[in-house]
């Protein structure tokens, strides 16, 4: 039997200890108790219907390759955002993490202010900065945005980037993150210069998750 690419299972109930658990790519599920006390295939609180086929009548694990699609009837795909949800999330105010390849070392990943409109992510920075140079060399990048409180959500996009010498609206970006009063002060204190560049990232691939969908 081919190994599933991912599984994450942890079954428990008010009358029994944990039945099985396993949370890693290609990791096999493992028993944490030798037998489920008093369990049988009709013991729904311990054995959800979606995984019942993997246990015998005594509650022992039959299969050591329980795919994620069978865990408690919920899949990661069910937590994914729709196109409308992911675009609305990315357009909202989040500090993004921009990651770009760095030869000979791990990727450079830094927090960044950004705007997402008309299907394009825009980021302003100094053309003399390390990130601007790496973006120009790599031609591709990844940006991730997330919430900081549960139930967590995140959107990660990857795609080609262009780096152009183009003036941007400093106040628009600063007020987006700092509000109008502090944003105006920041824009006036840190204005764009002749060395400033505008980076545009066009998302080609998306990874999204809204954990609220998995919590029912």
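The values are calculated or read from the model by the stated rules, or taken from the named source; none is laboratory data. Bear in mind the structure is a predicted one, so any value in this text is a computation, not a measurement. Reconstructed Cβ throughout: ideal geometry from the backbone, glycine too, with neighbour counts over all protein chains shown.
Working only within segment 129-169, note down all residues that are at pLDDT below 95 and farther than 30 Å from residue 210 by Cβ.
Once the filter is applied, which keeps residues that are at pLDDT below 95 and farther than 30 Å from residue 210 by Cβ, segment 129-169 yields 165, 166, 167, 168, 169.
I'd like the residue in segment 107-123 that is surrounded by fewer than 13 Cβ atoms within 10 Å (Cβ to Cβ) and more than 19 Å from the chain's Cα centre (by Cα) and, out of all such residues, is farthest from residue 194 (Cα to Cα).
118
Is it fair to say residue 57 is within 19 Å of the chain's Cα centre (by Cα) and either on the phi < 0 side of the Ramachandran plot or at pLDDT 95 or above (or both)?
No, not satisfied.
Identify, please: which residue in segment 63-94 is farther than 19 Å from residue 205 by Cβ and at pLDDT 95 or above and is, among those, surrounded by the fewest Cβ atoms within 10 Å (Cβ to Cβ)?
The residue in question is 93.
Given the criterion touching a helix residue (DSSP H, G or I) at 6+ places or on another chain (Cβ under 9 Å), under 18 Å from residue 94 (Cβ atoms) and at pLDDT 95 or above, identify the matching residue among 187, 174.
Of the residues listed, the single one that is touching a helix residue (DSSP H, G or I) at 6+ places or on another chain (Cβ under 9 Å), under 18 Å from residue 94 (Cβ atoms) and at pLDDT 95 or above is 174.
Which members of segment 95-111 meet the condition of being part of a loop (DSSP other than H, G, I, E, B), under 17 Å from residue 200 (Cα atoms) and in contact with a strand residue (DSSP E or B) (Cβ under 7 Å, 6 or more places away or on another chain)?
Listed by number, the list holds a single entry, 95.
For segment 124-177, which positions are under 25 Å from the mean Cα position of the chain (by Cα), in a strand (DSSP E or B) and surrounded by fewer than 16 Cβ atoms within 10 Å (Cβ to Cβ)?
Hits for segment 124-177 are 140, 146, 160, 162.
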